[in-house]
Amino acid sequence: MAKSLEENGPRAPAAEGSLSGTRESLAPGPDAAATDELSSLGSDSETNGFAERRIDKFGFIVGSQGAEGIRLRCQKGIPPSLRGRAWQYLSGGKVKLQQNPGKFDELDMSPGDPKWLDVIERDLHRQFPFHEMFVSRGGHGQQDLFRVLKAYTLYRPEEGYCQAQAPIAAVLLMHMPAEQAFWCLVQICEKYLPGYYSEKLEAIQLDGEILFSLLQKVSPVAHKHLSQQKIDPLLYMTEWFMCAFSRTLPWSSVLRVWDMFFCEGVKIIFRVGLVLLKHALGSPEKVKGCQGQYETIERLRSLSPKVMQEAFLVQEVVELPVTERQIEREHLIQLRRWQETRGELQCPSPPRLHGAKAILEAEPGPRPSLQPSPSIRLPPDAPLSGSKGKSKTSKQMQKEPRKPGKESGQQDRPPAPSQAKAAAATGDASPPQDVPPKDLAPQDSAHHHSRESLTSQESEDTYL
């Protein structure tokens with residue numbers, strides 16, 4: 001499943017006159033470089049300006065970082081070792097987990113609605129039965145899938161459970177633990193595809209009309225054929241959209257589509273559907289073999305492997321000019337027509353957010369407060385230079401003679417006679433302090449100077 005950078009997509013083109021260590025810049029001759037650019041995935045995004053390199057006034061390269069850099073990276077393909085974490089951050093599931101600590105455990109310990117539990121248990125063995133996580137009945141994969149789906153029915157009891165949620169949750173569980181997969185599923189159902197899994201399925205019906213309207217601009221031949229055959233979009237796009245193509249495309253293509261879907265939003269799902277329709281029914285020769293509804297539906301169910309191949313599909317999806325503004329404009333048009341013919345929506349869904357940037361702006365994550373952290377840590381009772389509570393200064397340590405101890409190998413000496421008489425005259429009951437002999441004074445003075453230098457050096461290190 002791991003792909004090299006050459007397989008996943010193009011490198012950012014080097015600016016003219018700049019030094020780059022990529023193979024493209026070292027290729028001899030312009031023809032070789034042009035051939036390599038045409039053979040790379042996502043080169044259209046580079047020509048659109050996503051990877052354009054500009055130099056600011058300070059000499060730093062701009063244009064390849066931030067949202068555009070993340071978008072280009074997702075178009076090239078997220079590395080498998082980072083895919084699970086990247087999906088959590090892109091979808092906002094990581095922020096949801098931080099905002100609701102312990103919520104999933106609380107839902108997991110709840111008994112759940114028996115009405116939904118029976119339906120969920122019947123669907124467990126149908127999700128990727130040839131994957132090692134879900135191959136055995138009652139295995140850890142099926143147990144985690146049951147926990148995630150049951151928790152969602154308790155988190156959104158008004159929606160309950162929809163069968164299309166099971167493959168979505170299964171794909172998430174292949175890349176992250178159950179708790180993280182639950183919050184990513186919540187974000188998909190509430191932010192990316194709101195209303196898709198409600199009881200009336202009104203949101204998916206509206207998106208079916210949007211897809212059919214966009215098809216007229218992308219492939220008039222396919223649009224005309226489907227109109228003549230009177231094939232409702234729900235007959236071919238329901239599983240595509242509700243399962244995010246997890247049951248339609250090869251596995252490598254599914255992962256690449258999901259990388260872009262988490263980054264750019266539902267427009268990727270629309271683009272993939274339009275690409276499949278265009279290459280299945282987009283020419284008169286292909287339409288001739290589909291004379292009726294049955295033949296047309298079978299053609300859409302048995303798509304060409306070339307069209308679904310990872311490299312071909314991703315490049316076609318990136319090149320297709322379908323934007324969020326077009327989708328929202330068509331959404332307003334189809335919603336107005338719905339209200340004129342069928343009345344108001346029974347299950348109105350919240351507005352969807354187009355991609356990671358919109359989700360981050362709507363739900364910014366918590367930012368930790370910046371607190372100063374000292375580079376050098378001292379024990380609590382350690383004296384600091386310049387502090388008022390310091391017991392002894394360096395000058396006092398110089399004047400004050402050191403009391404010789406037995407540790408240095410010196411024996412206690414009797415006090416001088418003059419000191420003994422002075423103590424007796426004043427009536428001091430405490431024993432007189434020992435006075436070092438004169439012949440040891442220079443040695444002790446040198447010792448005190450060394451201690452003073454160490455203390456001052458420690459003080460300087462503390463403030464540095």
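Please identify the pairs in which a residue from segment 278-300 that is in the same structural domain as S227 (by the TED database) and touching a residue at least 60 places away in the same chain (Cβ under 8 Å) has its Cβ atom under 8 Å from the Cβ atom of a residue that is basic (K, R) and part of a helix (DSSP H, G or I), counting only partners at least 6 apart or on another chain. Hits for this filter: L281/R299; C290/R299. Against the numbered list (1) surrounded by fewer than 19 Cβ atoms within 10 Å (Cβ to Cβ); (2) within 25 Å of the chain's Cα centre (by Cα), E340 comes up short only at (2).
The number of residues in segment 309-319 that are in contact with a helix residue (DSSP H, G or I) (Cβ under 6 Å, 6 or more places away or on another chain) and surrounded by 19 or more Cβ atoms within 10 Å (Cβ to Cβ) comes to 5. Scanning segment 79-109 for residues that are surrounded by 19 or more Cβ atoms within 10 Å (Cβ to Cβ) and either at positive phi or not assigned by the TED database to the domain that holds Y155 (or both) yields a single hit, G92. Checking each residue in segment 119-146 for being farther than 12 Å from A166 by Cα, of a type in the set (S, T, N, Q) and open to solvent by less than 60 Å² (accessible area, probe 1.4 Å) picks out only S136. Residues that are surrounded by 17 or more Cβ atoms within 10 Å (Cβ to Cβ) and hydroxyl-bearing (S, T, Y) were ranked within segment 214-251; the one that is nearest to F128 (Cα to Cα) is S246.
If you go through segment 307-357 one residue at a time, how many are small (G, A, S) and closer than 29 Å to P250 by Cβ?
Here is the first cut: in segment 307-357, the ones small (G, A, S) are 311, 343, 349, 355-356.
Keeping just the survivors that are closer than 29 Å to P250 by Cβ gives 311, 355-356.
Residues meeting the conditions: 3.
The values are calculated or read from the model by the stated rules, or taken from the named source; none is laboratory data. All figures in this text were calculated on a predicted structure; none of them were measured in a lab. Heads up, the Cβs are rebuilt from the backbone with ideal geometry, glycines too, and the neighbour counts pull from every protein chain shown. Surface areas here come from the heavy atoms of the whole protein model, side chains and all, with no ligands, DNA or RNA. Shrake-Rupley method; radii C 1.70, N 1.55, O 1.52, S 1.80 Å.
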